[in-house]
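A short reminder: the numbers here are calculations on the coordinates, not readings from a lab. All values derive from a computational prediction rather than experimental measurement. Because the Cβ atoms are built from the backbone with ideal geometry, glycine has one as well, and the counts that use them run over all protein chains shown.
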Amino acid sequence: MLFIRHFLATVLIRQPIEVLFSWLIEKSDIQKASKVRSTKGLNLHVYGRLAVAFISLIFNS
């Protein structure tokens, strides 16, 4: 019984997180960071793409 409850809790939490990351990858193309050469550049790439994705979510809804 405890296993089933744990499994259901995991499924209920995991599915929305997977949907969020799927949406982020689709909207921001965040995985194209192959030419980034430094940690600072990677941070700029990731946070810039996230900002654009969320701004497009706000204004295109």
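Structure summary
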{"item": "Dipole magnitude of the chain about its Cα centre (Cβ charges: Lys, Arg +1; Asp, Glu -1), debye to nearest 20", "result": "260 debye"}
{"item": "Cα principal axis extents for the chain, largest first, Å", "result": "49, 32, 15"}
{"item": "Computed label-point distance, nm, for sites residue 22 and residue 50 using a 7 Å Cα→Cβ extension", "result": "2.2 nm"}
{"item": "Phi to ³J(HN,Hα) by Karplus 6.51 cos²θ - 1.76 cosθ + 1.60 over the range 14-28, Hz, x for Gly, Pro", "result": "5, 4, x, 5, 5, 5, 4, 5, 4, 5, 4, 5, 5, 7, 10"}
{"item": "Options 21, 8, 43, ranked by Cα towards positive dipole end of the chain, top entry (Cβ charges)", "result": "43"}
{"item": "Residue 58-residue 15 FRET efficiency (beta carbon distance; Förster radius 25 Å; 0.05 resolution)", "result": "0.60"}
